[in-house]
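Read through the structure below, which is laid out as structure tokens, and then see the notes.
The values are calculated or read from the model by the stated rules, or taken from the named source; none is laboratory data. Please read these numbers as outputs of a predicted model, since none were measured by experiment. So basically every Cβ, Gly included, is an ideal-geometry build from the backbone, and we count neighbours across all protein chains shown. Note: accessible area is taken over every heavy atom of the protein model, side chains too, but ligands, DNA and RNA are not part of it. Shrake-Rupley method; radii C 1.70, N 1.55, O 1.52, S 1.80 Å.
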Amino acid sequence: EQTGDIAWITDWALNTACTAWTKWNDTGGRPASISVNVSPVLFADPRFIETVTKAVKSTGIDPHTLELEITEGLELHQRNTVADTIAGIKKLGLRLSIDDFGAGFASFSYLRSLDVDCLKVDRSFVSNATTNTTDGAILHAVRELGHRLGVKTVAEGIEDLEHADF
């Protein structure tokens, strides 16, 4: 991000993911969705929506199967640019999620300001949820919050049956 290389890296990752999805689709193995992490710096760039539009159109990916993931580090002080990017993403039919939710700058103003489809709860809460009552309570609260807001919630890092059952 500091060197500016994040733009071409994200462009490459986005195009590679979309191309892979279309190849899987062409062979009959249609994945439910594919996610691409996006740098907060790039997401706030007014030209980013052009990059996404180009990737969707050039690869032929079904836009409803593409999810862009942002972290809580997104600069909300650039509200107009971010709002325009979100509007462009939604117009294309893509989904938007907040990755690693709760690990950084979790703020309810985020949820009020961003039209997100999914909250992906940071794995640090999941790994301790069965032994740490605070982490368990946070997971349950985020799940309930997501339910009431009408957004999907995903607990990242489930690696065994105990965590899956929880």
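May I ask you to verify whether residue 4 is open to solvent by 50 Å² or more (accessible area, probe 1.4 Å), over 29 Å from residue 124 (Cα atoms), at pLDDT below 85 and in a loop (DSSP other than H, G, I, E, B)?
Answer is no for this residue.
Can you tell me which of (1) open to solvent by 50 Å² or more (accessible area, probe 1.4 Å); (2) modelled with pLDDT of 85 or more; (3) under 28 Å from residue 158 (Cβ atoms) is the one residue 103 doesn't meet?
(2)
Please indicate, with yes or no, whether at least one residue in the stretch 139-158 is in contact (Cβ under 8 Å) with a residue 24 or more places away in the chain, of a type in the set (D, E, K, R), in a strand (DSSP E or B) and buried (at least 17 other Cβ atoms within 10 Å of the Cβ).
No, because not a single residue in the stretch 139-158 is in contact (Cβ under 8 Å) with a residue 24 or more places away in the chain, of a type in the set (D, E, K, R), in a strand (DSSP E or B) and buried (at least 17 other Cβ atoms within 10 Å of the Cβ).
Among the residues of the stretch 20-32, write down those that are modelled with pLDDT of 85 or more and either hydrophobic (A, V, I, L, M, F, W, C) or open to solvent by 50 Å² or more (accessible area, probe 1.4 Å) (or both).
Correct list: 20, 21, 23, 24.
For residue 56, which of the numbered conditions (1) open to solvent by 20 Å² or more (accessible area, probe 1.4 Å); (2) part of a helix (DSSP H, G or I) fails to hold?
Among (1) open to solvent by 20 Å² or more (accessible area, probe 1.4 Å); (2) part of a helix (DSSP H, G or I), residue 56 violates only (1).
Any idea which of 68, 74 is at pLDDT 80 or above and under 21 Å from residue 91 (Cβ atoms)?
The unique qualifying residue is 68.
Among the numbered conditions (1) at pLDDT 90 or above; (2) within 14 Å of the chain's Cα centre (by Cα); (3) acidic (Asp, Glu), tell me where residue 144 comes up short.
The one condition residue 144 does not meet is (2).
Would you mind finding the one in 125, 108 that is touching a helix residue (DSSP H, G or I) at 6+ places or on another chain (Cβ under 9 Å) and either surrounded by 13 or more Cβ atoms within 10 Å (Cβ to Cβ) or in contact (Cβ under 8 Å) with a residue 12 or more places away in the chain (or both)?
125
Determine whether residue 82 is among the β-branched types (Val, Ile, Thr), touching a helix residue (DSSP H, G or I) at 6+ places or on another chain (Cβ under 9 Å) and either more than 19 Å from residue 116 (Cβ to Cβ) or modelled with pLDDT of 90 or more (or both).
no
Quick one: in the stretch 33-53, of everything that is exposed (fewer than 15 other Cβ atoms within 10 Å of the Cβ) and farther than 27 Å from residue 102 by Cα, which residue is modelled with the lowest pLDDT?
Checked the stretch 33-53; the qualifying residue modelled with the lowest pLDDT is 47.
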